[in-house]
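Visitor: The structure under discussion is supplied below as structure tokens; questions concerning it will follow.
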Amino acid sequence: MRHALTTLAAALVLFTAAAVQAGGDWNDSQIAWQTYDAGLAAAKQDKKPIVLIFYTEWCPHCTNYSKVFHDPAVVAKAKAFVMIRLDADKNKELAQKFAVDGGYIPRTFFLSSAGTLDPAIHAPREQFKYFYDEKNPASILTAMTAAQAKLN
């Protein structure tokens, strides 16, 4: 019996690790991620700007980027936004609509409370403008601060 429980516990740990690794751990316990439609409605009602992220389950960069959303400063700043996270594979039409400079992932956009993209708020790069540093929260924090000032 003890061996069976140990084996079951080990399998649960491996399953949980695999689930977190597939697409990352986006800190659902501290960030109120929304679906697209619910997020748009909440943004209009609460008059908050939107952070819209496209990711996929299989993308290692998305897994890395998900860890940025555990940073305490990012968690605090996220409260000023409606946070929407969409799997690009499961939301192909929306992913295509927001492929303004390509269909790469992860992509992070800042929208007004009316749901309008502000193309001027992006990562400091010429190519892949909506790809923020996947390992350093400072990159997304800078954009969030700019979006708060501009979109509120």
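Visitor: Taking θ as phi - 60°, what are the ³J(HN,Hα) couplings along the range 27-41 by the Karplus curve (6.51, -1.76, 1.60), each to the nearest whole Hz, with x for Gly and Pro?
Guide: Working through the residues one at a time gives 6, 4, 6, 10, 10, 8, 5, 10, 6, 4, 5, 5, x, 4, 5 Hz.
Visitor: How large, in percent, is the carbon and sulfur part of the accessible surface of the range 94-152 at a probe radius of 1.4 Å?
Guide: 55 percent
Visitor: Could you tell me which of rounded, prolate or oblate describes the range 90-136, using a ≥ b ≥ c as the square roots of the eigenvalues of the alpha-carbon gyration tensor, with rounded for a/c under 1.5 and, failing that, prolate when a/b is larger than b/c and oblate otherwise?
Guide: oblate
Visitor: Out of every Cα pair in the range 36-125, what percent are spaced more than 19 Å from each other? Could the numbers behind the result be given before it?
Guide: Values: 1592 of 4005 pairs.
Every Cα pair in the range 36-125 considered, those over 19 Å come to 40 percent.
Visitor: If you count only protein heavy atoms with a 1.4 Å probe, what accessible area per residue comes out for the range 96-152, rounded to a whole Å²?
Guide: So the range 96-152 comes to 51 Å² accessible per residue, rounded to a whole number.
Visitor: Quick one: Cα centre-to-centre distance for the range 130-152 and the range 47-71, in angstrom?
Guide: Using only Cα atoms to place each centre, the spacing works out to 12 Å.
Visitor: For the range 38-146, calculate the relative contact order in percent as a whole number, restricting contacts to Cα pairs under 8 Å that are 6 or more residues apart. Write out the running numbers ahead of the final one.
Guide: Details: 167 pairs, mean separation 38.0, N = 109.
Answer for the range 38-146 is 35 percent.
Visitor: From the backbone phi of the range 97-104, what are the Karplus-calculated ³J(HN,Hα) couplings (6.51 cos²θ - 1.76 cosθ + 1.60, θ = phi - 60°) in whole Hz, Gly and Pro given as x?
Guide: 4, 9, 8, 5, 10, x, x, 5
Visitor: To continue, here is another question. Report the label-to-label distance for K67 and D28 in nanometres (one decimal), using points 7 Å from each Cα along the Cα→Cβ vector.
Guide: Each label point lies 7 Å from its Cα, and together they span 2.1 nm.
Visitor: Order the following by accessible area, largest value first: R125, R107. Probe radius 1.4 Å; ligands, DNA and RNA are ignored.
Guide: Most to least solvent-accessible, the answer reads R125, R107.
The values are calculated or read from the model by the stated rules, or taken from the named source; none is laboratory data. Model, not experiment: these values are computed from the prediction. Glycine gets a Cβ as well: all are built from the backbone with ideal geometry, and neighbour counts include every protein chain shown. Note: areas computed on protein heavy atoms with side chains; ligands, DNA, RNA excluded. Shrake-Rupley method; radii C 1.70, N 1.55, O 1.52, S 1.80 Å.
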